[in-house]
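Nothing in this text is a laboratory measurement; each read-out follows from the coordinates by a stated rule. Everything numeric in this text was worked out from a predicted model, so none of it was measured. With ideal geometry, Cβ positions are generated from the backbone for all residues, glycine too; neighbour counts draw on all protein chains shown.
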Amino acid sequence: MHQIWKYPISLSSVAKLPGDAEIIHVGSQNEEPVVWASVEMPPCACTKRLCVIGTGWDYSASEWTPVGTVQIGPLVWHLMEMKTG
């Protein structure tokens, strides 16, 4: 059985989701980035790490994969997932 969970994403830290969570939407709520994900019950004990970067910011393509973009006011934020392995 799966459930849809919402995860607020901080602009200043790395967020953790269950490792088997499937991101289904990146958006905003109350002017903050938010991710909605399908999570298998019970949630996996492993973790998936996410962070947000701004347009034009540097990132390591060998460490991070872009998974979504959200615009909040005049700013555009990009959600990145840390690669495993």
* Asked: When the Cα centres of segment 49-85 and segment 3-17 are compared, how far apart do they sit, in Å?
  -> 13 Å
* Structure fact -> HN-Hα couplings for segment 14-30 via Karplus (6.51, -1.76, 1.60; θ = phi - 60°), in whole Hz with x for Gly/Pro, come out as 8, 8, 10, 10, x, x, 9, 5, 9, 5, 10, 6, 10, x, 9, 9, 6
* Asked: Remind me, what semi-axes does segment 2-82 give for its equivalent ellipsoid, largest first in whole Å, using sqrt of 5 times each Cα gyration tensor eigenvalue?
  -> 21, 15, 9
* segment 43-52 - phi-based ³J(HN,Hα) in whole Hz, Karplus 6.51/-1.76/1.60, Gly and Pro as x -> x, 5, 6, 6, 10, 10, 9, 10, 9, 10
* What is the magnitude of the charge dipole of the chain about its Cα centre, with +1 placed on the Cβ of each Lys and Arg, -1 on the Cβ of each Asp and Glu, and no other charges, expressed in debye to the nearest 20? -> 100 debye
* **Inter-probe distance in nm under a simple model that places probes 7 Å from Cα toward Cβ, at Tyr59 and Ser12** => 2.0 nm
